Amino acid sequence: MQGGTVAVVGGSIAGCAFASAAARAGADEVVVLERTRGRLADRGLGLCVHDDRAAELAATGALPAGIAAHRLTRRRWVVRDDAAGPAGRMFWEQPFPFHSYHWGLLWRGLREATPAAVVYRQGVTVTGAADAGDRAEVRLAGGAAEHYDLAVGADGYRSVVRETVCRTSRPEYAGYVCWRGNFDARRLAETGGAEFPGDAVTTVCFPGGSCVVYRIPGPDGPRVNWVLYAMPPQTGQLRLDDPTSFPPGQVTDELAAALAELLDRGFPPYWARVIGLTDAEHTYVQPIYDLESAHPTAGRFLLAGDAAVVARPHTTSGAAKALQDASAFEAAWRAADSWDELVNTYRTARAAAGRELVALARRLGRAQVERTPAWAAMNAGEAQAWWQDQLADAADIGGQSMTAPGPHVGSSRD
Ligand SMILES: Cc1cc2nc3c(=O)[nH]c(=O)nc-3n(C[C@H](O)[C@H](O)[C@H](O)COP(=O)(O)OP(=O)(O)OC[C@H]3O[C@@H](n4cnc5c(N)ncnc54)[C@H](O)[C@@H]3O)c2cc1C
């Protein structure tokens with residue numbers, strides 16, 4: 001199918017990838033409507049993509065070459081053990097074939113790769129969407145309505161487009177939050193030790209939660225990124241049942257004190273010092289949600305990325321899944337003879353993948369945060385069995401393959 005007009009609501013990871021896919025597949029006009037006015041590239045958070053998923057996405061064109069990425073090979077699981085030393089005791093190590101990315105640099109790579117014909121409009125907030133027969137109506141703040149042959153909701157976990165596609169699907173609070181932060185890796189010198197392993201994710205385990213710490217690239221050199229999952233203080237002052245987050249510099253005193261208490265009580269001293277290198281400006285708190293849209297399409301609308309599915313971050317797969325959605329969209333477009341066929345093929349390709357990811361993420365979250373085991377008493381064999389239990393039928397974390405197993409496709413990563 002050739003031609004047609006497409007609106008992509010949201011210009012982040014999923015949005016840029018869908019805009020590129022639509023332009024490559026042959027749309028006449030592709031418009032991205034992004035509410036943020038400033039520089040999206042300043043959102044400096046870390047994320048990881050499984051090497052096999054990255055290779056598949058590079059092959060479909062959804063992951064452009066040349067984006068800075070840091071190679072990780074192993075995941076270490078450690079507990080506090082004062083007899084073992086300040087860095088604690090490692091009770092298990094597993095392979096971790098992922099590369100880590102800086103969100104802003106990943107976004108910039110995707111944005112720069114969007115064909116010149118894509119119109120990327122910033123400072124445009126979409127307030128609603130409506131089915132207009134064989135057109136998709138997109139309503140903008142200020143009252144204007146625009147009409148397209150197809151509209152993609154790539155507007156994240158608080159999606160406005162989802163209200164039209166799947167009104168009953170809403171993010172559900174998982175019962176815990178994550179504190180996350182990042183800092184210039186040169187500051188590790190202040191911890192006085194050389195314990196920080198550059199090629200590993202270290203998971204610090206404590207009763208009632210866990211924390212992953214790893215290096216990422218950054219615009220001004222390598223950074224250290226961490227995500228700590230635990231229950232927030234139960235004082236009744238926090239309302240987390242509605243999608244929300246505490247942006248950098250706005251973490252409440254109560255949540256900052258709770259983080260300090262977790263580090264003091266549960267962390268090996270070295271790892272508490274590492275996390276303590278983060279300044280308030282780079283510390284965030286995000287409640288964790290589950291969201292599985294009953295269906296990712298309706299009429300001339302499609303949902304993409306976090307607008308369609310929010311899996312708890314333990315699956316390490318959200319960005320990869322958003323890019324896979326774009327690949328599936330492009331393949332569906334190329335094979336379709338009509339808009340209906342395109343929408344139906346996309347729905348068939350992506351609905352089950354989303355459901356399975358959310359189910360795996362729930363199992364991982366329960367095991368690693370809600371019902372943590374007696375980690376300090378585990379040996380490597382027990383840890384391996386505990387992990388396998390969480391995976392159940394899934395092959396690994398990092399998302400599912402979209403293709404049959406095949407040769408590894410090289411990319412420009414280090
Ligand atoms: C703690 C944590 C750790 C994570 N770690 C990983 C990881 O290691 N690996 C991984 O792959 N994934 C990870 N993820 C998930 C990953 O970050 C997301 O899945 C991915 O970024 C999805 O991007 P998106 O484009 O769908 O949504 P978003 O990035 O949320 O983008 C939505 C865009 O839409 C815009 N928008 C919203 N509403 C409107 C509107 N009404 N009008 C116009 N524009 C609008 C927003 O401004 C934004 O730019 C993690 C997530 C969290 C919370």
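Would you be so kind as to identify which of 297, 282, 20 lies farthest towards the positive end of the dipole of the chain, taking Lys and Arg as +1 and Asp and Glu as -1 on Cβ and the Cα centre as origin?
282
Let's see if you can work this out: charge +1 on each Lys and Arg Cβ, -1 on each Asp and Glu Cβ, no other charges. What is the dipole magnitude of the stretch 335-379 about its Cα centre, in debye to the nearest 20? Walk me through the numbers on the way to the answer.
On the way: 7 positive and 5 negative charges, 88 e Å.
Roughly 420 debye, rounded to the nearest 20.
Equivalent-ellipsoid semi-axes (√(5λ), Cα gyration tensor) for the stretch 90-160, whole Å, largest first? Show your work: numbers first, answer last.
Working: eigenvalues 262, 56, 31 Å².
Calculated on Cα positions only, the semi-axes equal 36, 17, 13 Å.
Run through all the Cα pairs of the stretch 21-177 and give the fraction in each 10 Å bin from 0, expressed as whole percent.
8, 25, 30, 21, 9, 5, 1
Among 129, 87, 106, whose Cα lies farthest out toward the positive end of the dipole of the stretch 75-151, if unit charges sit on the beta carbon of Lys, Arg (+1) and Asp, Glu (-1)?
Of 129, 87, 106, it is 87.
Ordering 134, 393, 51 from largest to smallest accessible area (1.4 angstrom probe), what's the sequence? Before the final figure, lay out each step's value.
Values: 134 100, 393 155, 51 25 Å².
The ordering from most to least exposed comes out as 393, 134, 51.
Relative contact order for the chain: what percent, with Cα pairs under 8 Å and sequence separation of 6 or more?
Working: 916 pairs, mean separation 96.0, N = 414.
Relative contact order comes out at 23 percent.
What is the stretch 137-210 by shape, rounded, prolate or oblate, if you read a ≥ b ≥ c off the alpha carbon gyration tensor as root eigenvalues and call it rounded for a/c under 1.5, prolate for a/b larger than b/c, and oblate otherwise?
Working: a/c = 3.93, a/b = 2.34, b/c = 1.68.
Prolate shape, in that a/c is at least 1.5 and a/b is the bigger ratio.
Could you check how many percent of all C-alpha pairs in the stretch 288-414 are farther apart than 27 Å?
Working: 2469 of 8001 pairs.
The share of Cα pairs beyond 27 Å in the stretch 288-414 comes to 31 percent.
Quick test of the membrane-span-like rule: which DSSP H helices of the chain reach at least 27 Å along their long axis (C-alpha atoms) with mean Kyte hydropathy at least -0.5?
Qualifying helices, which must be both long enough and hydrophobic enough, are 339-365.
For the stretch 104-209, which trypsin sites (Lys or Arg not before Pro) are in a loop by DSSP, counting at most 11 other Cβ atoms within 10 Å?
Numbers: sites: 108, 111, 121, 135, 139, 158, 162, 167, 180, 186, 187; in loops: 158, 167.
Passing both the DSSP loop test and the Cβ count: 167.
List the equivalent ellipsoid semi-axes of the stretch 37-106 in whole Å, largest first, each obtained as the square root of 5λ for an eigenvalue λ of the Cα gyration tensor.
Details: eigenvalues 202, 65, 10 Å².
So the equivalent ellipsoid measures 32, 18, 7 Å along its semi-axes.
Suppose all protein chains stay in the model; what accessible area per residue would a 1.4 Å probe give for the stretch 1-149, in Å²?
Numbers: 5860 Å² over 149 residues.
On a per-residue basis, 39 Å².
Which percent of Cα-Cα pairs in the stretch 274-319 sits in each 10 Å bin, short to long?
Histogram of Cα-Cα distances, whole percents per bin: 21, 35, 27, 12, 5.
Over the chain, consider all pairs of different Cα atoms and compute the Kirkwood hydrodynamic radius from their mean reciprocal separation; express it in Å, one decimal. Please report the intermediate quantities before stating the final value.
Details: mean 1/r = 0.0455 Å⁻¹.
22.0 Å is the Kirkwood radius here.
What does the charge add up to near residue 208, with Lys and Arg as +1, Asp and Glu as -1, over the other residues with Cβ less than 15 Å from its Cβ? If you can, show how the numbers build up before the last one.
Details: positive: 80, 265, 366, 371; negative: 261, 264, 370.
Overall, the nearby charge balance is +1.
Which distance in nm do the two modelled labels at residue 145 and residue 119 give, with both placed 7 Å along the Cα-to-Cβ direction?
Distance between label points: 1.9 nm.
Per residue and in cubic angstrom, what volume does the convex hull of the Cα atoms of the stretch 167-209 have?
On the way: hull volume 6.4 nm³, N = 43.
Taking only Cα atoms, the stretch 167-209 has a hull volume of 149 Å³ per residue.
Rounded to the nearest 10 Å², what accessible area does residue 300 show when all protein chains are kept and the probe is 1.4 Å?
Here the accessible area works out near 30 Å².
How large is the charge dipole for the chain, taken about the Cα centre, if only the Cβ atoms of Lys, Arg (+1) and Asp, Glu (-1) carry charge, to the nearest 20 debye?
Working: 41 positive and 47 negative charges, 75 e Å.
With only Lys, Arg, Asp and Glu charged at Cβ, the dipole is about 360 debye.
Would you list the P(r) distribution for the stretch 1-88, with all Cα-Cα distances sorted into 10 Å bins from 0 and each bin expressed as a whole %?
It works out to 13, 30, 27, 15, 9, 5, 1, in whole percents.
Leaving ligands, DNA and RNA out of it, work out the accessible area of residue 402 with a 1.4 Å probe and give it in Å² to the nearest 10.
Surface open to solvent at residue 402 totals about 80 Å².
List the trypsin sites (Lys or Arg not before Pro) within the stretch 2-61 that fall in a DSSP loop (any state other than H, G, I, E or B) and whose Cβ has at most 13 other Cβ atoms within 10 Å. Write out the running numbers ahead of the final one.
On the way: sites: 24, 35, 37, 39, 43, 53; in loops: 35, 37, 39, 43.
Qualifying residues, ordered by number: 37, 39.
Leaving out ligands, DNA and RNA, what percent of the accessible area of the stretch 119-161 is carbon and sulfur, probe 1.4 Å?
On the way: 870 of 1810 Å².
Taking all protein chains in place, the stretch 119-161 shows 48 percent carbon and sulfur surface.
Give, as a single signed number, the net charge of other residues whose beta carbon lies under 9 Å from the beta carbon of residue 268, with Lys and Arg counted +1 and Asp and Glu -1.
On the way: positive: 80, 89; negative: 81, 82.
Result for the local shell: 0.
Using a 1.4 Å probe on the protein heavy atoms, what percent of the accessible area of the stretch 67-114 belongs to carbon and sulfur? Don't skip to the answer; put the middle values down first.
Working: 920 of 1880 Å².
The value for the stretch 67-114 is 49 percent carbon and sulfur by accessible area.
So if each residue of separation counts as 0.36 nm, and I subtract the Cα-Cα distance between residue 170 and residue 380, what length gain in nm does that give?
Result for the pair: 71.7 nm of gain on full extension.
Any chance you could check the Cα centroid distance between the stretch 167-185 and the stretch 83-133 for me, in angstrom?
Here the two parts' Cα centres lie 14 Å apart.
With a 1.4 Å probe and all protein chains left in place, how much accessible area per residue does the stretch 333-387 have, in Å²? Please list the in-between numbers first.
Values: 2690 Å² over 55 residues.
Value returned for the stretch 333-387: 49 Å² of accessible area per residue.
I need the Debye-formula profile for the stretch 1-43: one equal scatterer per C-alpha, no solvent, reported as log10 I(q)/I(0) at q = 0.15, 0.16, 0.19, 0.23 1/Å, two decimals.
-0.38, -0.42, -0.55, -0.73
Rounded to the nearest 5, what % of the DSSP beta bridges within the chain are antiparallel ones? Each step should come with its number before you reach the end.
Numbers: 57 of 80 bridges.
Antiparallel: roughly 70 percent of the beta bridges in the chain.
Quick check on the stretch 202-342: take the gyration tensor over C-alpha atoms, sort the square-rooted eigenvalues as a ≥ b ≥ c, and tell me if it's rounded (a/c under 1.5), prolate or oblate.
Working: a/c = 2.80, a/b = 1.95, b/c = 1.44.
Prolate.
Using the Cα centre of the chain as origin and beta-carbon charges of +1 (Lys, Arg) and -1 (Asp, Glu), tell me which of 185, 40, 352 is placed farthest towards the positive end of the dipole.
185
Divide by every residue of the chain the summed helix terms, -39500 (n - 2.57) for each DSSP H run of at least 4, and state the resulting mean residue ellipticity at 222 nm, rounded to the nearest 500 deg cm²/dmol.
Value at 222 nm, helices only, nearest 500: -9000 deg cm²/dmol.
Can you work out the Karplus-derived ³J(HN,Hα) for every residue in the stretch 71-79? Use 6.51 cos²θ - 1.76 cosθ + 1.60 with θ = phi - 60°, whole Hz, and x for glycine or proline.
Working through the residues one at a time gives 7, 10, 10, 9, 10, 9, 10, 10, 10 Hz.
The values are calculated or read from the model by the stated rules, or taken from the named source; none is laboratory data. In this text the structure is predicted, and so the values were computed from the model without any measurement. Glycine also receives a Cβ, built like all others from the backbone with ideal geometry; neighbour counts cover every protein chain displayed. When the accessible area is computed, the model is the full protein with side chains, heavy atoms only, and any ligands, DNA or RNA have been set aside. Shrake-Rupley method; radii C 1.70, N 1.55, O 1.52, S 1.80 Å.
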